[in-house]
Amino acid sequence: MPHFCRTSLFMFVVAFIVAACHSDGFPNGSEQTMTGDELMPVEVHDDTSRVIDIDTTGRSAFVDVSAVAQGVIVEMRYCDTFNFVGTRIDGYIDPVALLTARAADSIKAVCDDLASQGLTLKIYDAYRPQRAVDHFVRWSKNYADTAMKGCFYPNEDKHMLFANDYISSHSAHSRGSTVDVTIVDNRGQELDMGGHFDLMDASSHPSCGGNPATGQYRPNDTISKKQFENRMLLRAVMSRHGFRPLYTEWWHFTLRNEPYRERRFDFHVARL
């Protein structure tokens with residue numbers, strides 16, 4: 001074989017291997033997760049780089065989820081002091097879960113689905129104003145304030161929370177179609193998910209303890225088989241009704257066909 005042909009072939013093979021390694025086996029860098037018979041892309045991160053507008057007057061486009069979804073439980077953690085900051089968060093006036101009408105209708109479908117199993121949904125957070133996100137960022141830069149470290153980031157140094165993407169300057173929640181949720185049984189008890197809401201730790205990843213794409217549990221020292229199954233139950237019911245999961249938080253879901261992909265809202269969380 002001529003020398004230039006051997007060189008060209010070698011370069012082609014190298015380029016192919018490099019491309020394969022960077023693809024991680026998933027198209028467009030997205031993990032794939034199996035939900036029943038459906039393959040759906042996982043939200044790899046809250047990519048808000050395309051958000052171009054902050055709307056402070058968008059309340060008319062939102063609804064109170066409790067008025068739409070029968071049986072839903074609302075426990076807005078950022079309207080109280082039991083959260084990773086330790087204080088009520090800016091922008092939270094009343095403990096109500098607000099969402100776009102489209103997202104609220106999907107939550108109703110989730111609640112109806114769970115009700116047939118003797119279960120219901122609990123919401124920890126829904127729409128989140130941009131001023132609340134700004135509060136998180138300010139807090140993350142105050143390294144002396146570690147009052148809630150033991151409960152919410154026991155294995156993380158606070159100065160790394162922003163760098164490790166636990167805190168971000170933008171959030172999908174501010175677009176109005178993202179929720180943080182768990183499942184509650186008919187006794188009012190939360191299902192054991194092997195870790196609580198807003199625990200900033202690798203153990204909160206849906207992949208901890210198994211493969212979310214197949215639902216296959218992997219024996220480990222972090223979460224039990226039942227805890228993993230509870231996470232997969234939540235993931236399955238949310239996915240069935242139009243939500244996509246986040247790879248770092250078992251509780252976080254965004255409506256796939258959210259209506260305001262290009263907007264970020266900043267009105268207060270208050271009764272409509």
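Among the candidates Tyr217, Tyr247, which residue alone is surrounded by fewer than 21 Cβ atoms within 10 Å (Cβ to Cβ), farther than 19 Å from Leu99 by Cα and modelled with pLDDT under 95? Let's see the steps before the verdict.
Working: Tyr217 fails: modelled with pLDDT under 95.
Residue meeting the stated conditions: Tyr247.
Taking Ala61 as the residue in question, decide whether it is at pLDDT below 95 and not assigned by TED's automatic domain parsing to the domain that holds Phe162. Can you show your working first?
Numbers: at pLDDT below 95: yes; not assigned by TED's automatic domain parsing to the domain that holds Phe162: no.
Spelling it out, it is not the case that Ala61 is at pLDDT below 95 and not assigned by TED's automatic domain parsing to the domain that holds Phe162.
In the range 195-211, is there at least one residue being closer than 21 Å to Ile89 by Cα and either aromatic (Phe, Trp, Tyr) or assigned to a helix (DSSP H, G or I) (or both)? Even if it seems obvious, please write down each step before you answer.
From the range 195-211, those closer than 21 Å to Ile89 by Cα are 196-200; that's our starting set.
If we keep only those that are either aromatic (Phe, Trp, Tyr) or assigned to a helix (DSSP H, G or I) (or both) too, we end up with 197.
Within the range 195-211 (the criterion being closer than 21 Å to Ile89 by Cα and either aromatic (Phe, Trp, Tyr) or assigned to a helix (DSSP H, G or I) (or both)), the answer is yes, since at least one residue qualifies.
Just to be sure, is Ala147 surrounded by fewer than 14 Cβ atoms within 10 Å (Cβ to Cβ), at pLDDT 95 or above, in the same structural domain as Trp250 (by TED's automatic domain parsing) and outside any helix (DSSP H, G or I)? Break it down stepwise before answering.
On the way: surrounded by fewer than 14 Cβ atoms within 10 Å (Cβ to Cβ): yes; at pLDDT 95 or above: yes; in the same structural domain as Trp250 (by TED's automatic domain parsing): yes; outside any helix (DSSP H, G or I): yes.
So Ala147 passes the test.
Determine which member of the set Asp192, Asp185 is under 27 Å from Val65 (Cα atoms), without any contact (Cβ under 8 Å) to a residue 40 or more places away in the chain and surrounded by fewer than 19 Cβ atoms within 10 Å (Cβ to Cβ). Break it down into steps so the answer makes sense when it comes.
Values: Asp185 fails: without any contact (Cβ under 8 Å) to a residue 40 or more places away in the chain.
Of the residues listed, the single one that is under 27 Å from Val65 (Cα atoms), without any contact (Cβ under 8 Å) to a residue 40 or more places away in the chain and surrounded by fewer than 19 Cβ atoms within 10 Å (Cβ to Cβ) is Asp192.
If I filter the range 153-164 for residues that are small (Gly, Ala, Ser), in contact (Cβ under 8 Å) with a residue 24 or more places away in the chain and assigned to a loop (DSSP other than H, G, I, E, B), do I get at least one hit? So that I can check it myself, show each step before the final result.
First, pick out the residues of the range 153-164 that are small (Gly, Ala, Ser): 163.
If we keep only those that are in contact (Cβ under 8 Å) with a residue 24 or more places away in the chain too, we end up with none.
There is no residue in the range 153-164 that is small (Gly, Ala, Ser), in contact (Cβ under 8 Å) with a residue 24 or more places away in the chain and assigned to a loop (DSSP other than H, G, I, E, B).
Restricting to the range 114-142, name every residue that is touching a residue at least 24 places away in the same chain (Cβ under 8 Å) and either over 20 Å from the mean Cα position of the chain (by Cα) or not assigned by TED's automatic domain parsing to the domain that holds Met76 (or both). Quick ask: steps written out before the conclusion?
Filtering the range 114-142 down to residues touching a residue at least 24 places away in the same chain (Cβ under 8 Å) leaves 114-115, 118-137, 139-140.
Residues satisfying the conditions are Ala115, Gly118, Leu119, Trp139.
The values are calculated or read from the model by the stated rules, or taken from the named source; none is laboratory data. These numbers were taken from a predicted model, which means no experiment stands behind them. Cβ atoms come from the backbone with ideal geometry, glycine included; neighbour counts cover every protein chain shown.
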